[in-house]
1. Mean shadow of segment 101-186, computed from the convex hull of its alpha carbons, in nm²?
2. Give me the lysines in straight-line cross-link reach of Lys287: C-alpha distance below 16 Å, same-chain residues under 8 apart excluded.
3. How do 38-44, 95-101, 274-280 rank on mean C-beta neighbours within 10 Å, highest first?
4. In terms of the ratio Rg/(2.2 N^0.38 Å) built on C-alpha atoms, what value belongs to segment 152-216?
5. Could you pull out every one of the lysines with an alpha carbon less than 22 Å from that of Lys70, ignoring same-chain neighbours closer than 8 positions?
6. Please give the length that would be gained between Gln51 and Ala291 if that part of the chain were fully extended, namely 0.36 nm times their separation in residues minus their C-alpha to C-alpha distance (nm, one decimal).
7. Using +1 on the beta carbon of Lys and Arg, -1 on that of Asp and Glu, and nothing else charged, what's the dipole of segment 46-102 about the Cα centre, debye to 20?
8. Would you list, by chain and number, the aspartates and glutamates whose Cα falls below 16 Å from the Cα of Lys167, excluding same-chain residues fewer than 8 positions away?
Amino acid sequence: MTGVVFSIERYALQDGPGIRTLVFLKGCPLNCQWCANPESQSCAPEILYFQNRCASCGRCIANCPQGAIKVDDEFGLITDPDRCMLCGLCVDACYYGARELSGEEMEVCDVMNIIERDKMFYDATQGGVTLSGGEPLLQTAFVRELTRECKERGIHTAIETTLFADKEIVKRALEYIDLVFVDVKHFDPYKHAEFTGVRNELIINNIEMIDNLGKQFIIRIPFIPGVNDDDETQKQIYQWASRLRNLKWIEVLPYHRLGMTKYRGLGRMYPLADVKPVSKQSLTYLKDLGAQIGVDVRIGAH
Ligand code: SF4
Ligand code: SF4
């Protein structure tokens, strides 16, 4: 059983309790304008290019057997996805770390080998593994197999998901998951579609379904100026969430632009380049707003 993984981070202290290993899976059905991991959106592996590290030596161009790399005024270099066969020769040829191959097919056992290296840290801190993306539910069989293996070894499992999937897929994927992080980006289906590419009814229904199934979950709201930063939108989400029995808390994530360089690396423009980052301190009033409605609202770090 294989999955397409684009990153594995060890010793993480966010996205669940204790010390964790984060496994990032490629592919997402949404297209959020503020996405911090644009390399996660396509299901297929792809080449990332970091112009700020590039010395313009031309070795990648000379070593590409497909003639897929072209000089570009705006982005420095761009890779033609129709010509690129993902051989990785340009990555090996670059002495400056300016090219990366994002996404690799990995066997469950290979990912487990990495996860198990830190078992003593999970045991000491009640930590574990968090699957993220992209949208892990696009690789349901891989998620099930990996999390089943984790549970057999007594490792805590969490997932970051949009829950934008058929309810039977959600049930199957979450069977061996202890804790779910799910985003609510907007409560209005039309606004949700405008900023993410999909309406939100399926997501809302699936959150209510996992609540009824007794699954523990945390709702995350990416706080994006001009999208959902008004009190009315926040209140709508809090009021609905206050009725959910297995919600642990709501975590509001201040908008940041850390993914901006990756857009350039993929030869794409960042849609929210003019939107200023939001500080954590400026959002503390949302805790009071939540308390008035009867829901625990916390401000996250990213
Ligand atoms: S991965 Fe291979 S085909 Fe693609 S741009 Fe690099 S050298 Fe060319
Ligand atoms: S090999 Fe690396 S440093 Fe040289 S042009 Fe290509 S990306 Fe830039």
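Taken together, the values in this text are just the output of simple stated rules run on the coordinates, not laboratory data. All figures in this text were calculated on a predicted structure; none of them were measured in a lab. Here the Cβ is made from the backbone with ideal geometry for all residues, glycine too, and neighbour counts use every protein chain on show.
1. On the way: hull surface 26.1 nm².
For the Cα atoms of segment 101-186, the hull's average projected area reads 6.5 nm².
2. Candidates past the 8-residue exclusion: Lys235, Lys248.
3. With the highest mean Cβ count within 10 Å placed first, the list reads 38-44, 95-101, 274-280.
4. 1.20
5. Lys262
6. The span from Gln51 to Ala291 would gain 81.8 nm if fully extended.
7. Values: 5 positive and 8 negative charges, 48 e Å.
Its charge dipole is roughly 220 debye.
8. List returned: Glu135, Glu175, Glu201, Glu208, Asp211.
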